[in-house]
Amino acid sequence: MPGIPDAGEVERSWRAAADEVGGHYGLTPRQSIPYIRVATPGHQIVLQLLYTGSGYRTSVRAPFHDPGGLSLVITDESGLGAFFKKLGFTQDIEIGRTDFDDRFLVRGHPVAHVRRLLAPPVPDHIVAQPFIDLRITGALFGESYPRGISEVVIHRSRIVRPTAQLVGLVEVARALVTRLDPLGTVETTDLEELLTRLARPRGRVVDIWSGIVLWDGDPPRRDSVRRLGERGDVKAVPALIEALGDPDPALVVDAIRALDAIGDPSAVPGLVRLLGRRRDHVEDEPLSDHAGRALRAFGEEALVDAVERALAGDRTGLLEAVGALREPAIEAFMRVLDSFDLDARVEAAVVLGELGARQALPLLRDKSWAMGLRTKLADASRAAIDAIEAQASLPRPASAAPPTPQSAQGATLPRPAQPRGSGTGATLPRPVDEPDARER
């Protein structure tokens, strides 16, 4: 890759632009090429140089949440393109501003959304550029965004040096993503907005060429969970319980604390399931410890202590402590089978056998095979499988089904003798009377 022409001038102008837009100037970790990153809550705007084989070009990328699937292309038109535009051979959306409409070809849908998007000050920033190619599209260059995430992409076919033009490119992207995804940039305490932000896609996307983080969906979701806990609104409890199953450990801990603060007992089963999530650590503690503290606050000390004792080999009182929370407790012990603690995994297999956990059979069968080796976990898993299958084959108690009309009348069973003179026994043979004592 050839060196950047006038590298010193590029560095000075890009550093000045970074200071003006409140961004960070740096060199890409893999190629040592200048970039500017502007971070806002929920958005990353990255301005960088890309080498195309024939030279460098300037690119701006700004991912955003786009559940509606907006499409937009804005290109400078000249020569033959402008001729076809005037003849109406290409789709064009006009915004009612002459200098913009005469110069740019705008295509996209929904049309009404595009017009709202291009309201001031966005056209001012676009017109200030000597040339621009702007698109809203899915991920470029091989990255894979979660479903519902698109990005604003702006290209210039050369190295942009003037500070004012660099600032203008960043401002175009910032104005668009702020308008497209306001929840990503505005702090809010509104319940519905917080729940909407929490429901957005999670994960992280890194530029495959530079190693720069383009999009990180986790921080705004964590912030939403913390704010929901501060609100203390029980309407948020179902969403917070669902968040307990999130792959992001930090968000799960925030959800545990939010549920603890709200104090709704419907959170208890979800917290019990987390007693088995021992692999993920936050603040140097496994998630199971965070969940255990919350459960103690809900009055479930006996259950937490019984689970901990069982994983240490003492199953005394476990069944009584589990009680009505048997199913989430089983899920917790199933999670322990995938932890790093071998001794706890062995004890979890034993417990699942004693609980008769049929739903754990596929997992136990997987753990029972150790490539022909004799291991404690494989032995415990096979013993648990035998115990569960033995319980499953026991005869079931007779059903207490209500009697049918026929059986209720006793038509197929011998009837008991009825007292003399009763209406129901009138057709039965009467017992022989004892002779009168005077006739004997």
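Tabulated data
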item	result
Taking N as its residue count, the alpha carbon Rg of the range 196-306 over 2.2 N^0.38 Å	1.14
Cβ charges +1 (Lys, Arg) and -1 (Asp, Glu), total dipole of the range 120-169, debye	140 debye
Cα gyration tensor category, rounded, prolate or oblate, for the range 135-216 with a/c compared to 1.5	oblate
Debye, to nearest 20: dipole size of the range 247-315, +1 on Lys, Arg Cβ, -1 on Asp, Glu Cβ	260 debye
Loop GluC sites (Glu not before Pro), the range 254-346, which have at most 13 other Cβ atoms in a 10 Å radius of their Cβ (DSSP)	GLU283
Coordinate range along principal axes, alpha carbons of the range 226-361, Å, largest first	42, 28, 23
Mean separation of Cα contacts under 8 Å (6+ apart) over length of the range 132-233, as relative contact order %	23 percent
Computed over the range 179-228, the ratio Rg/Rh where both radii use C-alpha atoms and Rh is Kirkwood	1.05
Kirkwood Rh and Cα Rg combined as Rg over Rh, evaluated for the range 307-363	0.92
Area of ASP190 that stays accessible when all protein chains are in place (1.4 Å probe, Å², to 10)	80 Å²
Packing-based ranking, highest mean first, of 193-205, 213-225 given that Cβ atoms within 10 Å are counted	213-225, 193-205
Relative counts (whole %) of C-alpha pair distances in the range 255-325, using bins that are 5 Å wide	3, 17, 29, 25, 17, 7, 2
Sequence of PHE298, PHE131, PHE100 from largest to smallest accessible area, 1.4 Å probe	PHE131, PHE298, PHE100
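The values are calculated or read from the model by the stated rules, or taken from the named source; none is laboratory data. All figures in this text were calculated on a predicted structure; none of them were measured in a lab. Cβ: placed from backbone, ideal geometry, glycine included. Neighbour counts: every protein chain shown. Side chains are part of the model used for accessible areas, which takes the heavy atoms of the whole protein and leaves out ligands, DNA and RNA. Shrake-Rupley method; radii C 1.70, N 1.55, O 1.52, S 1.80 Å.
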